[in-house]
Structures are given as C-alpha cells and as structure tokens.
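First up is the structure itself, then whatever we jot down about it.
Read the figures in this text as sums done on the coordinates, not as results from a lab. All of these numbers come straight from a predicted model, not from anything done at the bench. No Cβ is skipped: glycine too gets one built from the backbone with ideal geometry, and neighbour counts run over all protein chains shown.
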There are 2 protein chains.
Amino acid sequence: MRLVIARCTVDYDGRLTAHLPEAVRLLMVKADGCVAIHADGGAYKPLNWMNAPNTLVEASDDGLDTWRVSNPKGETLTITLLEVLSDTAHEMGVDPGLQKDGVEAHLQELLAGDPSFLGEELSLVRREYPTGIGPVDLLCRDADGHTVAIEVKRRGEIDGVEQLTRYLDFLNRDELLAPVRGLFVAQEIRPHARVLAGDRGIGCVEIDYDELRGIESTTPRLF
Amino acid sequence: MRLVIARCTVDYDGRLTAHLPEAVRLLMVKADGCVAIHADGGAYKPLNWMNAPNTLVEASDDGLDTWRVSNPKGETLTITLLEVLSDTAHEMGVDPGLQKDGVEAHLQELLAGDPSFLGEELSLVRREYPTGIGPVDLLCRDADGHTVAIEVKRRGEIDGVEQLTRYLDFLNRDELLAPVRGLFVAQEIRPHARVLAGDRGIGCVEIDYDELRGIESTTPRLF
DNA sequence: TAGTAAATATCGCAG
DNA sequence: CTGCGATGTTTACTA
C-alpha cells in the first residue's frame, strides 16, 4: 500500500463529473490498484476514488506530477499533485478478512432451523421461496396447514412491510398456496412499520437474537 | 490525520459483532476522531471503522498497545497492536469539498424541457406536481388529453414502481385528472421492477442520458 | 456473469 | 431529531 500526502486537485469524469479544489489530502493506492482520496474528516468514505480494475499512469509536466487513473468502463480520475509532503509504501500481505456474526442471514438461518421459535407451530416449506418478483425469506405451513410467508429483517421498517406485501400479492395468486398470510419478523420493529403491517393483516414478531442463538445451541440434536 | 501501519487484531461489538484475525493493516485516524482500518485491497470501504463522535483511549498492557474506541451508542472497537511498523501524523486542514455535476435532478430537468423525448407526444403540466403523499416528478398530458404521471429515476428498481403506484392511487381520486396512467423512466430499469410495473399497468421507458443531454443542447431555441 | 438484496451502509435535505 | 431518498453506493449471494 502506497500512502501519499499531497496538496492536490482532483477531477473525476465517469458516471458523473466532479472536481476537488486545491487542498492537502491523503492519496491511498492499494495493492490491487484501487485509488482513494481522503480528507481529514468525514466518515470512512473517501472524497473520490477509483476501484479495481484500473490503470494508474504517472506523468510529469513542467515539474507538476499528474496521476491519471482510468478503467475499462471509460471512467477517469485525474489527480494533479502541487506539492508532495510525504510518499511511503508498505508491504501488508493478504488480509484474512472479516468474521461477522449477527446479521440477517444468521437470523434467517436460525429461524429456518426452528420456525416454532416465532411462537406458533410452524413447519418450514422452503427458504428463499421464489416469487415472480423475488424470493421470500421463509415459506412455512401452520398447524392448520395454511401457508405462511415470513420476511426476516434485522431492523423492521416500512420498506420491509412493503416487500412482504408484494410477495403476498404474488403468492396468493397461486391456487396451490392461497390463502397465504404474512409474518414480519425482526429484532426491532419500528412503530410505523408495525402500524402498516397491522393495517394489512400482517403479523409482527420481535425476536431476541441472543435467545434465538441460545435455544439453537442448546436444542438437543439427533446426530 | 494519523496513519499507523501495524500488525493487529480488531474486535467490533455494536450493531453486530465482528473480528479481524492478526494481519498487517493501515489504521487511519481523522481529525474528527473517525477511525478506519484498511487492508491492502478491496474497494474504498474499510474492514472496520468507527465514525465520529467517539473517544479513542490508548492503553499499554504487557508492552502490548490497545486502542479502545467507543461511542455514545455503546458500540466499541478494540484494536490490539502486536507490532507497529509506522506511526505518522499530518496536518491537512479543512477540505473545501466535492463539486458534483450530472446526477438525477438533471434528468428530470431535461425531460421537463422535452417530454416528447419519451417516445410519444406529451406536454408538461407541471414538475413536482403535489399529491397527498409527496410530489410526482412530472405530470403531463398525452395526445388524447389524458393525464400521465411520470416518475424519473437514475436506476429503476422496485421501490420506484411502488412510489409511482402510490402517486397514481392518489391522483386517480381527483376527478379532474382521472384516469391517470403512469410512466416509469430511468437510465436502466431492472427486470423485477419491469415485471412489477407491467403487472400494475405502468409503462417503462429507458433513456440514454448522453442522448438526452445532446438533444437538449442541440435543440434550437427561440431566444 | 448477471441480477438482487443487505449493509455497522453514508450523506443530504426537509418537516 | 426523524424519516425519506440518492449514492460514482459496495458487498455478498444466487441462479
């Protein structure tokens, strides 16, 4: 990784055009060719960048260094270096990568293994059951043999209710499944989402992740 | 901005839990307190981060340095430094910020100036025509004098179709406007969005930004 | 490879 | 402060 601190201007031309006036910034060049330009503030997002794959060409013109980064899509990033304050490089090797725990896929997986955690007798038909407009997270049958479509979110907001509503519209056109009712499941369901779900006859269940994980790990298995 | 190259491990505990095994990485600390941990590859997104506002506490334990970053929401980021290869700091000042040009607002503006670009004879009634639940981008009349509501997006996805559907619901309650049909316009319309639009009787039009801009700039004007 | 949904999204604006 | 919409979103996953 190469790190350059420099007074510079930057021009991007691609999906839009953008310009950065003269200022001191950090130029970060990663081993795979990624270039990112950071200011000394704001969140982690750089002011400007160019992702791999790309090519970086350095040119010197009248004692003024210019970096021209271009990619196969025809986007270009032009950096004009007015004053280089620091220029270092470091070997870092390949990163083993991030280990995550507690995201939506996890919730869905745990619930698929034990749908009755949701407080009623449910048996799984399929995960990621396909509809004409996308897959619904879990399709189950309840004690009465009726179909239940379940949408799982980490945080339950209005968009998720809309999403489940669309799935229900499509699923209910299938005579083999109809009538299908909906269950909206999340660690936290926002008041507005709860109201909208209620208005549409969709049930809401808030689940505790630690509890779900705990039950999962302590449930006796037959193997 | 402080830049540290170090062999380290990282643990994040907050909205989820995450762990980074031992490796050499870049630790970036910005003037506003933001901390970001970068590997030497991947796009501009860091492996781990903590945005402002937060507090960074450095502690030394058995000759092992530990950074503990925490924020008011109770999230914590713990960095254990096993070997510091470089530790530098640079004054960079405040950045003047990015100047952008050529995003979605542009599309709507250009189409308002020439609705017939959409492939049929349309005349503009109003931009940002208000409905009870927000303004629809363009309201037009077609050759037959019927009302057409147009939603413009850069990328056409399902959410946009939902949005236009809501507008149509409201507009069609107005006897002076009804019946109102919908046109979904974007540079690129995703297949599922197209299916949903078709299902609801909403027309889809993909437009080329460069072509639209070109026509606009070459159209003769009467002033 | 293309398409779709999730994300510790970030960021800006309006109400 | 909250919610909504755009983003050069990026990333991960699946068909």
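Extending 7 Å from Cα along the Cβ direction at A:Asp174 and again at A:Asp62 yields two label points whose distance is 6.7 nm.
Between B:Arg141 and B:Thr55, the distance separating the two model label sites (each 7 Å from Cα on the Cα→Cβ line) works out to 6.6 nm. Subtracting the Cα-Cα distance of A:Glu157 and A:Glu211 from their residue separation scaled by 0.36 nm leaves 17.3 nm.
Based on DSSP H segments of at least four residues, each scored -39500 (n - 2.57), chain B has a per-residue ellipticity at 222 nm of -6000 deg cm²/dmol. So in segment A:119-223, what percent of DSSP beta bridges are antiparallel if you round to the nearest 5? If I count the DSSP bridges inside segment A:119-223, around 50 percent turn out antiparallel.
Calculated FRET efficiency, A:Ser116 to A:Asp32, Cβ-Cβ distance, R0 = 41 Å: about 0.35 to the nearest 0.05. Hey, for a label at A:Glu104 modelled as a point 7 Å past Cα toward Cβ, could you say which residues of segment A:178-200 have their backbone N under 12 Å away? Answer for this model: A:185-187. Would segment B:104-218 count as rounded, prolate or oblate if I go by the C-alpha gyration tensor, calling it rounded below 1.5 in a/c and otherwise prolate when a/b exceeds b/c, oblate otherwise? Taking the square roots of the gyration eigenvalues as a ≥ b ≥ c, segment B:104-218 is oblate. From least to most packed, judged by other beta carbons within 10 angstrom and beginning with the fewest, A:His192, A:His90 follow the order A:His192, A:His90. For GluC sites (Glu not before Pro), the sites in segment B:12-100 that DSSP calls loop and that have at most 13 other Cβ atoms within 10 Å are B:Glu91. Over 31 Å between Cα atoms, which of A:Lys73/B:Lys73; A:Lys30/B:Lys153; A:Lys100/B:Lys153; B:Lys30/B:Lys73 qualify? In this structure, A:Lys73/B:Lys73; A:Lys30/B:Lys153; A:Lys100/B:Lys153 lie more than 31 Å apart at Cα. Note on A:Thr17/A:Val125: beta-carbon distance plugged into 1/(1 + (r/R0)^6) with R0 of 56 Å gives a FRET efficiency of 0.65.
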